[in-house]
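Trainee: One structure is given below, represented as structure tokens, and several questions about it will come after.
The values are calculated or read from the model by the stated rules, or taken from the named source; none is laboratory data. Because the structure is a prediction, the values reported are computed rather than measured. Cβ: placed from backbone, ideal geometry, glycine included. Neighbour counts: every protein chain shown. Keep in mind that these areas ignore ligands, DNA and RNA; they rest on the heavy atoms of the full protein, side chains included. Shrake-Rupley method; radii C 1.70, N 1.55, O 1.52, S 1.80 Å.
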Amino acid sequence: MEDIKASEQKKACANCGAELKFKPGSNQLTCEYCGYEEFIEQSKSSFEELELEHYLKVVGENAHTNTIELLHCKNCGANQHVEEHYKSLDCVYCGEPLILEDAETEGWILPGALVPFQLDAKKARNIFKTWVGNLWFAPNKLKRAALDPEGMHGLYLPYWTFDANLFASYQGQRGDYYYETQTYNTSKGKRTRQVRKTRWSSASGNVNGFVDDILVNASQRKRNLIPTKIAFWNLKDLVPFNSKYLSGFVTEKYTVSLKEGHRQSFQKAKNIAYDWIRKDIGGDTQRITNADIKLTDETFKHVLLPVYISSYRYDGKEFNFYINGQTGAVSGSRPYSFWKIFFLILFIIVVIGVIAIFAK
């Protein structure tokens with residue numbers, strides 16, 4: 001197994017000795033000081049799908065294939081790892097200062113793959129500035145946050161993905177719509193209307209197929225959940241894990257166990273099975289009275305997916321802005337400036353008063 005020290009070694013520039021960082025949208029490390037670039041050697045083999053049943057029974061759900069150095073945020077509960085050397089660091093979610101001396105080494109299941117960042121920090125900040133610029137009544141503090149280069153953090157999120165062959169046998173009913181003409185009385189006499197009804201018939205059968213990459217969020221924090229709006233990545237861009245992709249970014253460790261992740265994935269597989277069953281039954285509507293769902297040849301992998309996060313405080317409250325580091329999709333919470341709204345209302349009242357005076 002690769003040792004943590006090997007994975008966390010400083011990637012030094014061969015030209016000037018400064019630290020190399022991953023260049024989003026490429027397969028290169030780059031030096032911010034002299035411009036030197038170094039290619040990340042690509043694995044000749046694809047990432048490995050681990051056999052789930054064997055892993056849980058023989059290795060154990062809490063078994064670790066590697067170790068990682070983590071900083072734990074006591075405010076929001078996030079576990080964060082930074083690949084490069086650093087002097088100070090704030091939590092990417094809540095901005096709380098992290099105590100470097102409290103860093104602990106913990107075990108983790110080594111990621112099998114990741115989706116590298118496609119957007120660099122400059123593009124992410126421009127997206128944030130554009131978003132803030134389009135907000136009405138945004139506080140000046142929020143606008144300053146959009147200009148702060150230190151306020152935007154690139155973060156790799158942990159996810160479990162599960163694959164399996166799915167088989168389901170079912171019993172249910174198929175509903176076909178038909179229409180009957182009904183006559184009814186009105187003040188103007190008799191009228192007719194078409195009334196939709198459903199003709200039900202028994203249905204049963206089997207469905208089967210391959211379920212690929214059921215995605216389960218492996219981070220369970222006290223708050224600051226990643227918005228659904230940005231939580232879509234093209235998993236076809238997954239590449240075999242290489243710690244060099246982490247350089248310059250924060251990595252969050254999973255807090256949802258493999259066993260719990262598998263339980264959640266079964267619920268998603270069940271929803272997929274029900275969709276297949278409804279299509280198999282056909283008709284206009286369906287009823288599923290019983291479904292026996294089985295998953296075989298289950299595999300899993302631990303993957304890391306990219307986002308940018310900006311955290312800021314206003315009037316004692318915490319706000320977050322998120323950018324998908326692959327697609328550029330955006331989502332954020334925003335505060336409103338009481339004084340800007342107050343003065344606008346006051347201005348409108350004054351204008352109405354002036355118009356009323358001249359109208360007399």
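Trainee: Report, in debye and to the nearest 20, how large the dipole of region 199-333 comes out about its Cα centre when Lys and Arg carry +1 and Asp and Glu carry -1 on their Cβ.
Mentor: 360
Trainee: Also: Quick one: length gained pulling K188 to F167 fully straight, 0.36 nm per residue minus the C-alpha distance?
Mentor: Details: separation 21, 0.36 × 21 = 7.56 nm, distance 5.84 nm.
Result: 1.7 nm gained on full extension.
Trainee: If packing is taken as the mean number of other Cβ atoms within 10 Å per residue, what is the order of 208-220, 240-252, 189-201, 292-304, highest first? Intermediate results must be reported in sequence, preceding the final value.
Mentor: On the way: 208-220: 16.1, 240-252: 21.5, 189-201: 10.0, 292-304: 18.3.
Listed from highest to lowest mean packing, they are 240-252, 292-304, 208-220, 189-201.
Trainee: Given 0.36 nm per residue, what is the gain on full extension from R287 to T181 after removing their alpha carbon distance, in nm?
Mentor: Values: separation 106, 0.36 × 106 = 38.16 nm, distance 2.58 nm.
My answer for the length gained is 35.6 nm.
Trainee: May I pose another question? Can you give me the convex hull volume of the Cα atoms of region 271-311, divided per residue and expressed in Å³? Don't jump to the answer; show the numbers that get you there.
Mentor: Working: hull volume 7.6 nm³, N = 41.
Considering the Cα atoms of region 271-311, their hull volume per residue is 184 Å³.
Trainee: Of the heavy-atom accessible surface of region 183-305 (probe 1.4 angstrom), what whole percent is carbon and sulfur?
Mentor: Details: 3060 of 7050 Å².
Answer for region 183-305 is 43 percent, counting heavy atoms of protein chains only.
Trainee: With r as the distance between the Cβ atoms of E260 and Y36 and R0 = 35 Å, compute the FRET efficiency 1/(1 + (r/R0)^6) and round to 0.05. Don't jump to the answer; show the numbers that get you there.
Mentor: Details: r = 44 Å, r/R0 = 1.25.
After rounding to 0.05, the efficiency reads 0.20.
Trainee: If you count, for each residue, the other Cβ atoms within 10 Å and average over each peptide, how do 229-237, 24-32 line up from highest to lowest? Let's see the in-between values first.
Mentor: Numbers: 229-237: 14.4, 24-32: 17.3.
Going from most to least packed, we get 24-32, 229-237.
Trainee: Just to make sure I understand: if all protein chains stay in place, what is the order of L305, L89 by accessible area at 1.4 Å, largest first?
Mentor: The residues order as L89, L305, largest area first.
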